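The values are calculated or read from the model by the stated rules, or taken from the named source; none is laboratory data. Keep in mind it's a predicted model, so treat the numbers as computed, not measured. Virtual Cβ from ideal backbone geometry, glycine too; neighbours counted across all protein chains shown.
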Amino acid sequence: MGMAIASKIEHDTNTVIAVVGVGAFTGGMMFEALNNFKDSCLNVLIILNDTQIGIDTKTGAFNHNRTTNNKKDWIQRFGLD
């Protein structure tokens, strides 16, 4: 998000690309960033890199919501599209 804010300050029209692994969501900082992106009007493309590999069995609400057939619904929950 910092790179996107810097680009906006510099009036740069390039798109900032963030490649994020699903493990990044467990700490909560990625959810904070998604919430901030909603209102920031920054030019960012977020790529979710799901390797389908985990240390433990995939359980819980995050896994259920992430594996939904309609990924667009999952993204729209953050007010993004």
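Residues checked against (1) surrounded by 14 or more Cβ atoms within 10 Å (Cβ to Cβ); (2) free of Cβ contacts under 8 Å to residues at least 40 places away in the same chain:
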{"position": "6", "(1), (2)": "no, yes"}
{"position": "9", "(1), (2)": "no, yes"}
{"position": "20", "(1), (2)": "yes, yes"}
{"position": "28", "(1), (2)": "no, yes"}
{"position": "32", "(1), (2)": "no, yes"}
{"position": "35", "(1), (2)": "no, no"}
{"position": "38", "(1), (2)": "no, no"}
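Counting only helices (runs of 4 or more DSSP H) that sit completely within segment 10-81, those holding 1 or more residues that are among the hydrophobic types (A, V, I, L, M, F, W, C) and modelled with pLDDT under 70 correspond to 60-66, 71-76.
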